[in-house]
Amino acid sequence: MSERFSVPATRGTVQAGPTQLSYLDWGGDGPAALLLHGITSDARAWWRAALQLRDAGRRVIALDMPGHGASEMSRAHDIDAIGALAGDAVAALGLRELLLIGHSWGGATALALASGAHPARELLASVVLVDPALGMSAAWGEARLPFYLEGVGEPAAVNAPRLRARNPDWLDEDVHWKALALEQCRAEQVRGFFT
């Protein structure tokens with residue numbers, strides 16, 4: 001993979017309950033926005049939205065969800081447990097009046113946090129769900145799991161051509177970051193979401 005791509009963010013870690021999560025902090029001085037990516041992606045998937053939110057006056061942080069990017073695997077895989085980890089990260093990072101944005105798995109996680117009993121719920125000012133993974137039946141999950149596991153753990157150089165062929169309208173950066181995310185993603189975490 002080319003080294004011409006970079007993310008203008010600082011990498012950090014936060015202890016979220018029993019799980020250490022990695023995050024990217026794009027900086028900014030205003031109210032915080034926390035971004036939660038979808039399954040088999042990582043924090044770098046938010047590269048365009050993060051910059052726009054920062055330029056609009058937000059402090060922008062994107063988590064590597066459990067078992068993705070540089071984050072540890074979670075012990076439990078159900079969506080309420082993942083929501084609790086996100087809540088623990090919100091509290092540990094000292095975020096207040098938070099704009100929480102979640103895509104797909106991250107959207108389901110954001111909804112679990114916003115509608116659950118975690119104390120961090122009180123720190124949310126607003127929640128945006130982008131195509132949240134809701135209402136998935138066990139049969140649907142079992143049927144779709146092989147698709148989501150394709151490329152997981154494989155080298156980015158193997159994933160990139162496949163991603164480009166399937167997504168001809170993606171920017172080169174999108175292909176690059178997704179290929180790296182797939183390489184770093186742990187299959188057990190993906191299986192846990194679908195089972």
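The values are calculated or read from the model by the stated rules, or taken from the named source; none is laboratory data. Since the model is a prediction, treat every value here as computed from it, not as a measurement. All Cβ positions, glycine included, derive from the backbone under ideal geometry; neighbour counts span all protein chains shown. Quick note on the areas: whole protein, heavy atoms, side chains included, nothing else; ligands and nucleic acids left out. Shrake-Rupley method; radii C 1.70, N 1.55, O 1.52, S 1.80 Å.
Here are a few things to note about the model shown:
- Accessible surface area normalised per residue over the stretch 150-195 is 49 Å², counting heavy atoms of protein chains with a 1.4 Å rolling probe.
- The stretch 88-172 - Rg (one decimal) and Dmax (whole number), Cα, Å: 16.9, 44
- For Leu36, the residues 5 or more places off, or on other chains, whose built amide H falls under 5 Å of its own are Ile101, Gly102, His103.
- Once the chain from Glu122 to Thr13 is taken as fully extended at 0.36 nm per residue, the excess over their C-alpha distance is 37.0 nm.
- Label-point separation in nm, Arg48 to Thr195, each point 7 Å along Cα→Cβ: 3.6 nm
- Spatial separation of Cα centroids for the stretch 56-115 and the stretch 117-195, in angstrom: 14 Å
- Entry for Kirkwood radius over Cα pairs in Å (calculated from the structure that is shown) out of (i) 17.3; (ii) 20.6; (iii) 16.7: (iii)
- Per residue, in Å², the accessible surface of the stretch 62-116 once ligands and nucleic acids are set aside, probe 1.4 Å: 31 Å²
- Rounded to the nearest 500, the 222 nm mean residue ellipticity of the chain from helices alone is -12000 deg cm²/dmol, with -39,500 (n - 2.57) taken per DSSP H run of at least 4 residues.
- When the alpha carbon gyration tensor of the stretch 37-86 is reduced to an equivalent ellipsoid, its three semi-axes come out at 24, 12, 8 angstrom, largest first.
- Fraction of accessible area attributable to carbon and sulfur, the stretch 62-193 (%, probe 1.4 Å): 55 percent
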